[in-house]
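To start, the structure itself, in structure tokens.
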Amino acid sequence: MGKVRAMKIRRWQLMVVLAGLSAPLRAAQVQGMSETFVGSAAQIAGNAGAGTRLSTFSLRMVRPVCYPGTVSTLGTAALSDSGATWTNNQFNGANGSFYVEFDSGVMADIIGTDGSGKRLLFTDNLPASVTLGSKYRLRKHVTLADVFGPTNQAGLLPGLNLAQADNILLYVPQSQQSRAFFYSSVPGYSGWYRDDYTLGPDTIIYPEQGIMVQRKSEPTRTLYWAGAAKKGPTAVPVFPGYNLIGTLRTRASVRLTDLNLVTGNSATGLASGNNASSADNLLVMNTDGSTTSYFYSNIPGYTGWYNGDNYTSATNITVAPGTAFFLNRKAPGGLFYWTIPAE
């Protein structure tokens, strides 16, 4: 088996975050910060004794804030905070992966921590919404091992290889492919592995990212998790093609109409159309394995969300917390950033 190699998906060349599963997350002592901590669960259905069964879900919380601060200066792919008390590499490297979260909803991966210079380094310049005086919060990413347990506390079926074991599937919109993971039962090589048989426990699962689990065994499993409720908006990239996403909500369902996916400008939101074929689609995966598609109609007198299969109004269709759905961004539409409304 190969050596550790975490799957790092670049998003703004910087965007990221995530919730924690399987065990409660411990909050760091943070001065002047108050967060609401909540718990929840997701069921992973068994295969009813034959074949495979696919379950999808998304996480609802984020890790606790580990450091809050204020931007003092902005540099090339960097920010500094004159009041910071960091040490070198405190928020990167061997300590794990961390990100910065701004009030605008933007999130940025940290690739370096300069203790003496009081600087955080990123892969690219921060967007214009980040200015001097902007408030920020540092959080640690959640990984595949955090979600399903470092020794498979989730109880998925292990195996000698990917074909024998239950599979965890993470969809990568940049490549339009799924990466598969499984828990190895090979003596001396137990642990989470990717489909290329390199170690994968440190793979980041983004906060809004949908998760698929393909079960090859019968018992239904329940994942429990706890974490901090995400306050404020969350800005996430929507790539051309398919994107598996959740709403990052802890309790409240949200109507399609209130998701703010359609802005009236196809460069900044989903493209509308006169039918499901011409418009971008939102696809919900049903428990029986089927999918239901929705699109936003631009026909005068009939604007709004419609069911793409029977063309009935979908104005009041809601997305429950923990639901994962696909956004199909069709050509010629390009990358845009969806701001998930605050709960």
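Quick look at the numbers
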quantity: Checking residue 206 against (1) outside any loop (DSSP other than H, G, I, E, B); (2) aromatic (Phe, Trp, Tyr); (3) buried (at least 19 other Cβ atoms within 10 Å of the Cβ), the condition it does not meet; calculated: (1)
quantity: Output for the stretch 291-340, where each listed residue is on the phi > 0 side of the Ramachandran plot and in contact with a helix residue (DSSP H, G or I) (Cβ under 9 Å, 6 or more places away or on another chain); calculated: 304
quantity: Any hit, the stretch 291-300, residues being at pLDDT below 95, surrounded by 13 or more Cβ atoms within 10 Å (Cβ to Cβ) and either assigned to a loop (DSSP other than H, G, I, E, B) or not assigned by TED's automatic domain parsing to the domain that holds residue 49 (or both); calculated: yes
quantity: The stretch 321-342: number of residues that are more than 16 Å from the chain's Cα centre (by Cα) and in a loop (DSSP other than H, G, I, E, B); calculated: 6
quantity: Options 155, 105, 149; residue that is of a type in the set (Gly, Ala, Ser) and not assigned by TED's automatic domain parsing to the domain that holds residue 209; calculated: 105
quantity: Residue 176 out of contact with any strand residue (DSSP E or B) (no Cβ under 6 Å at 6 or more places or on another chain), at pLDDT 95 or above and more than 22 Å from residue 98 (Cβ to Cβ); calculated: no
quantity: Selection count, the stretch 73-95, where residues are crowded, with 16+ Cβ neighbours inside 10 Å and not hydroxyl-bearing (Ser, Thr, Tyr); calculated: 9
quantity: The stretch 251-281, residues that are of a type outside the set (A, V, I, L, M), surrounded by 21 or more Cβ atoms within 10 Å (Cβ to Cβ) and closer than 21 Å to residue 342 by Cβ; calculated: 269
quantity: Residues of the stretch 33-49 satisfying the condition of being part of a loop (DSSP other than H, G, I, E, B), of a type in the set (A, V, I, L, M, F, W, C) and modelled with pLDDT of 90 or more; calculated: 45
quantity: Positions within the stretch 96-133 being of a type in the set (Ser, Thr, Tyr) and either part of a loop (DSSP other than H, G, I, E, B) or surrounded by fewer than 15 Cβ atoms within 10 Å (Cβ to Cβ) (or both), in sequence order; calculated: 97, 104, 116, 123, 129, 131
quantity: Identity of the residue in the stretch 234-256, basic (Lys, Arg) and not in a strand (DSSP E or B), that ends up nearest to the chain's Cα centre (by Cα); calculated: 249
quantity: Single condition residue 70 does not satisfy, out of (1) under 19 Å from residue 213 (Cβ atoms); (2) surrounded by fewer than 19 Cβ atoms within 10 Å (Cβ to Cβ); (3) among the β-branched types (Val, Ile, Thr); calculated: (1)
quantity: Test: residue in the stretch 327-339 that is free of Cβ contacts under 8 Å to residues at least 60 places away in the same chain and in contact with a Lys or Arg (Cβ under 6 Å, 6 or more places away or on another chain); calculated: no
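The values are calculated or read from the model by the stated rules, or taken from the named source; none is laboratory data. Bear in mind that the values here come from a model prediction, so they are computed numbers and not experimental data. Using ideal geometry, Cβ is built from the backbone for each residue, glycine included, and neighbour counts are taken over all protein chains shown.
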